[in-house]
1. Go through region B:171-212 and give me each residue that's within 13 Å of chain A (Cβ to nearest Cβ) and not in a helix (DSSP H, G or I).
2. With the condition being under 23 Å from the mean Cα position of the chain (by Cα), I'd like the helices (runs of 4 or more DSSP H) fully within region A:222-284 carrying at least 1 qualifying residues.
3. In region B:127-143, which residue that is part of a loop (DSSP other than H, G, I, E, B) and more than 7 Å from chain A (Cβ to nearest Cβ) is most open to solvent (accessible area, probe 1.4 Å)?
4. Within region B:114-126, restricting attention to residues that are of a type outside the set (A, V, I, L, M) and at the interface with chain A (Cβ under 8 Å from one of its Cβ atoms), which residue is surrounded by the fewest Cβ atoms within 10 Å (Cβ to Cβ)?
5. Take region B:158-195 and flag every residue that is touching a residue at least 12 places away in the same chain (Cβ under 8 Å) and among the hydroxyl-bearing types (S, T, Y).
6. I need the full set of residues from region B:215-234 which are touching a residue at least 60 places away in the same chain (Cβ under 8 Å), buried (at least 18 other Cβ atoms within 10 Å of the Cβ) and in a helix (DSSP H, G or I), in order please.
7. Out of curiosity, is A:K123 facing chain B (nearest Cβ under 10 Å), surrounded by 15 or more Cβ atoms within 10 Å (Cβ to Cβ) and among the charged types (D, E, K, R)?
8. Quick one: what pairs do we get from region A:132-151, first residue within 7 Å of another protein chain (Cβ to nearest Cβ), second of a type in the set (D, E), C-beta under 6 Å, 6+ apart or different chains?
Amino acid sequence: MAFLNSETKTLDRAAAISTPKKQTILNTFKRDYQLWIMILPAIAVVFVFNYIPMYGIQLAFREYDFSAGLTGGEWVGLKYFEQFVQSHMFVELMRNTILISLATILIGFPAPIILALLINQIKWKRAKKTLQTTVYLPHFISMVVMVGLLNVLLSPNTGIVGHLMGALGFSDVNLLASTKTFIPVYVLSDIWQHVGWNSIIYLAALSSVDPQLYDSAKMDGANRWQIIRNVELPAIIPTIIILLILNMGSIISTGFEKIFLMQNTLNLPISEVIETYVYKIGIISNQFSYAAAIGLFNTLINFTLLLLMNYIAKRVSNISLW
Amino acid sequence: MRVLSRKGKSASEMLFDAFIIIIALLVFLVVAYPLYFIVIASVSDSTLVSTGQVLFFPKGFSLFGYQEIFQDSRIWTGYKNTIIYSVLGTALNLALTLPAAYVLSRTEFRARRFLMFFFVFTMFFNGGLIPTYLLIKDLNMIDTMWVFIIPFSVNVFNLIITRTFFETSIPKEMYEAAAIDGCSHFGFFMKVVLPLSKAVISVIGLYYLVWHWNDFFTGLIYIRDNNLQPLQLVLRDILISNQVFSEGAGSGGAAGGYAQRYADQIKYGVIIVSTLPILIIYPFIQKYFEKGVMIGSVKG
């Protein structure tokens, strides 16, 4: 690497000598103008569709005015935030959102780690490959099909899981339309769909464990369980921490699509979350400023949690996102 | 079984192996069985399925569900739309992501660090649904096909994967050698970088393609016109809102029980028909998954 760096420096110097005087922005731009042309379209798309909406966040502090455009309305300050915090939906929305995300993280986060450790223990190559191919597959099913699948399989009268529940003596439980079963069904089906895919990153980390570590552990008489605990688990801790930070950063944002699709009038008391509410208030009822304020409220809490988790992880383990 | 019979192992080792095998088998069945069940249920007699008699093999072979699906114009309009959106969308995604990733992989490019931050920041912070919706509305993209293709056509995660791939697999000396021969960045990118990057192009191409194919959100928010509906919106009507028959039957009522059975068989078929394209490309791309994730996780 050192060799490569010194070589590029020499080339730069050669360029500087051949062009008299200023090695400046203008000169590097001249050298790199083709690179700028290649990246400009991507910059433009991200600027327009990601950064302009960020500028549009001020809508949450303004009265939306159709004729004045995105940012032309009258400034009303925190009016809509106060309205949201004082509204009768506030407590329910916060409770549901936090409950669903916490359940997803607590149960959903360890699952792929365990699966990766399990897959890594299978020594028979063909069996390992078959298992991997199978568990990755549900990740590619669309959310609509996934919820449709739940609807037909879990239907109390005609679904196969419904029959199973009936045989076990729970025939009066409707898994699809009850406030008690909504979160378990949501979390478990989420694990079913994504556990395989999410395990890939841990498998990749496991495959980079130094083989010498295994050898010396065996030499010391460690059994398989001890190897998992003392060699493999420490090797994937950095990956675990990074993913945990990222997950915590979205602790109050739930997957919109799945919850929206799973909602029905019977489970709504537990399934209405901030994101589905923003959709209903904003897109359906056209209360743009109010919905923007609720959305911003959500984004800010997420962003703060992300920074906080990153800070804690940096202090405790020296691992951080940046 | 082969694992168990290996010689020279202690009893506890064998017990451990047996435990691993049982758990692995259990995981396999829990994931594979529902998928298998959908397939057999879609070709079985709907009464037998709905009374729980179809468990391991198709019973009372019937293609009623598929016949209905082939006659349903909504599905085929959705199919056609989604194919158009997915192909054009993925083409634009690749046309934007690949050159940008190449630029970000050039260490001599001065603005590299700043631009990286410019892209990565959008992963952690965004304007939210309402400002984005109003922007798209101001751009007159609502109820047009462009809303599926142009907005968010650069995925930052894919951009990072591609950049890391270029950084690690295209040697630096290569460009310098080509530059001495008078090759420009354009020429080098087209003639050297792209042909050497088939693996990463297939991986992110697949990610983009699947994303377009499964995209439900864009259609839900921005499309009102039935003729522009992507497949996922049609699927929502059929699978979730239970509007199985185009005439509107199948949603319960007096003949509900009877209609519902047929409706369910159609649903099983619809799940298969709509997921088939992904299932077809899945085996070809599968071998790249681990590679793709590994490349991406080197440096976030």
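The values are calculated or read from the model by the stated rules, or taken from the named source; none is laboratory data. Because the structure is a prediction, the values reported are computed rather than measured. FYI the Cβ positions are ideal-geometry reconstructions off the backbone, even for glycines, and counts take in every protein chain you see. Just the protein is used for accessible areas: all its heavy atoms, side chains included, with ligands, DNA and RNA removed. Shrake-Rupley method; radii C 1.70, N 1.55, O 1.52, S 1.80 Å.
1. B:P171, B:C183, B:S184 - these are the residues of region B:171-212 that are within 13 Å of chain A (Cβ to nearest Cβ) and not in a helix (DSSP H, G or I).
2. Passing ranges, in order: A:233-248, A:256-262, A:268-271, A:274-279.
3. B:N140
4. B:F125
5. Listed by number, the residues that qualify are B:T162, B:T164, B:T168, B:S169, B:Y175.
6. Residues satisfying the conditions are B:T218, B:G219, B:Y222, B:L228, B:L231, B:Q232, B:L233, B:V234.
7. In short, no.
8. These pairs meet every condition: A:M143/A:E257.
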